[in-house]
Amino acid sequence: MTKVLNTVAEMKEITRKYKGQVGFVPTMGYLHQGHLSLVEAAKKNCDTTVVSIFVNPTQFAPNEDLETYPRNFERDLKFLEELQVDYVFYPTATEIYPKGYKTWVQVEEITQILCGASRPTHFKGVTTIICKLINIVKPDKMFMGEKDFQQLIVLQQMTRDLNFDVEVVGCPIVREADGLAMSSRNEYLSDQDRKRAVCLFQSLQRAQELAQNGQRDVEAIKTAMRRIIENNNGEIDYIEIVDSQTLQKKEKIDKNCRALVAVKYGKTRLIDNLKIC
Ligand code: AMP
C-alpha cells in the first residue's frame, strides 16, 4: 500500500526503519509517463521507492508560473498507487520553508549558463530543495530525467562536492508519439503551438544527423537548428552544443557533444536535448 506523508517528521520516522536500498524520485507532480519511467527505474533497482510531490516555490522567479503550475494530487496518487510506490512525500511549502528560513545551497558557474542565463535564481532553488529532500528522505539512489539535462549535471556536481551518499542516476527522455519531450508544461500549449513544438526535437535530430554525417562546424549546425525552430514560430531562448559532462560550449564537433534548446511559445518555455555524437 502506498503511504502518503505530509510532514518532515513523518518522513524521517520512516527513514529510520528502511531496509535495503532506497530509490527516490523528486517531482513537482502533475505526473506523466516521463516521471513514471523514473519511478519504474527506482522500483527495478531498489527495495523501497519514495516519490516526492512538491511544487518548489524557490525555483520560480516572481514573473514565472508558480501560481498556474498544473497540479492534480489525486490523479498523481492514483498513478503512484498503480505502480505500488511505497511512500509519497507531499509536504506544504511552509513545512519545507517555515517562517525564518535562511539557508541556501548554490553550485557555481554551471548554474549561470544555458537555462541559468535567463533564469538566474532557478538552480539555487533546485539545489536547495534537493539538498533538503535528500536529508529528509535519505535515499541511496535518486532518479532524474535527462529531460532536464543541466539540472542532472548540477545535482551530480552538488552531491559530489558535498559528499552526499547518494547516486544521482540519469534516465532517458520519454517522448510523445511525434517526438515532443513529455512535460507538465506542455499542458499550457494551444493546439497550434502544440503541433509546432515538435520542432524542438526535429532541430535536435537534424543536429544529430549533420554531426553523424561529418559536419564539424558548430555554427553550421546551430544555424540549421535555428531555421527549423524559426519556421515553426518558436521564440529561441538558446541553442547550444556543449560537452555532455562539463556543459562547456564545444568549438567543434568531436566526442561527447550534446545539443540543447530552450524555446518559448507565448509564456510557455520548453526545453529539450539530444546527444548528437
Ligand atoms: P518535474 O516534475 O518537472 O520537476 O520533473 C521531475 C523529474 O522528472 C525530473 O528529474 C525530470 O527531469 C523528470 N522528467 C520530466 N519530464 C521527463 C521526460 N519527458 N522524460 C524523462 N524524465 C522526465
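The values are calculated or read from the model by the stated rules, or taken from the named source; none is laboratory data. All values reported here derive from a predicted model rather than from experimental measurement. We place every Cβ from the backbone using ideal geometry, glycine too, and count neighbours over all the protein chains shown. Accessible surface is based on the protein model in full, side chains and every heavy atom, while ligands, DNA and RNA are left aside. Shrake-Rupley method; radii C 1.70, N 1.55, O 1.52, S 1.80 Å.
Being part of a helix (DSSP H, G or I), within 12 Å of Asp86 (Cβ to Cβ) and either modelled with pLDDT of 95 or more or within 16 Å of the ligand (Cβ to nearest atom) (or both) is a property that does not hold for Lys12. Of Glu95, Glu81, all but one fail to be open to solvent by 20 Å² or more (accessible area, probe 1.4 Å), more than 30 Å from Leu189 (Cα to Cα) and not in a strand (DSSP E or B); the exception is Glu95.
Tell me whether segment 219-237 contains one or more residues that are hydrophobic (A, V, I, L, M, F, W, C), in a strand (DSSP E or B), in contact (Cβ under 8 Å) with a residue 24 or more places away in the chain and in contact with an Asp or Glu (Cβ under 9 Å, 6 or more places away or on another chain).
yes
Within segment 13-70, can you find the residues that are closer than 19 Å to Lys138 by Cα, open to solvent by 30 Å² or more (accessible area, probe 1.4 Å) and among the polar types (S, T, N, Q)? Residues satisfying the conditions are Gln21, Asn45. Filtered by the rule that a residue be under 15 Å from Gly125 (Cβ atoms) and of a type in the set (A, V, I, L, M, F, W, C), segment 68-106 gives Ala93, Ile96, Trp104, Val105.
Considering Met182, Met225, which residue is at pLDDT 95 or above and closer than 27 Å to Phe60 by Cα?
Met182
In the set (1) more than 24 Å from Gln157 (Cβ to Cβ); (2) within 14 Å of the ligand (Cβ to nearest atom); (3) in contact (Cβ under 8 Å) with a residue 60 or more places away in the chain, the condition left unmet by Leu66 is number (3).
Could you count how many residues in segment 244-266 are part of a strand (DSSP E or B) and surrounded by fewer than 15 Cβ atoms within 10 Å (Cβ to Cβ)?
The total comes to 3.
Output yes when any residue across segment 110-128 is β-branched (Val, Ile, Thr), under 14 Å from the mean Cα position of the chain (by Cα) and either at pLDDT below 95 or within 14 Å of the ligand (Cβ to nearest atom) (or both), and no when none is. Yes, some residue in segment 110-128 is β-branched (Val, Ile, Thr), under 14 Å from the mean Cα position of the chain (by Cα) and either at pLDDT below 95 or within 14 Å of the ligand (Cβ to nearest atom) (or both). When segment 199-221 is limited to residues that are open to solvent by less than 20 Å² (accessible area, probe 1.4 Å) and not hydroxyl-bearing (Ser, Thr, Tyr), the one that is nearest to Val263 (Cα to Cα) turns out to be Leu200. Evaluation of Ile173 against the conditions (1) open to solvent by less than 20 Å² (accessible area, probe 1.4 Å); (2) touching a Lys or Arg at 6+ places or on another chain (Cβ under 7 Å) shows that the sole unmet condition is (1).
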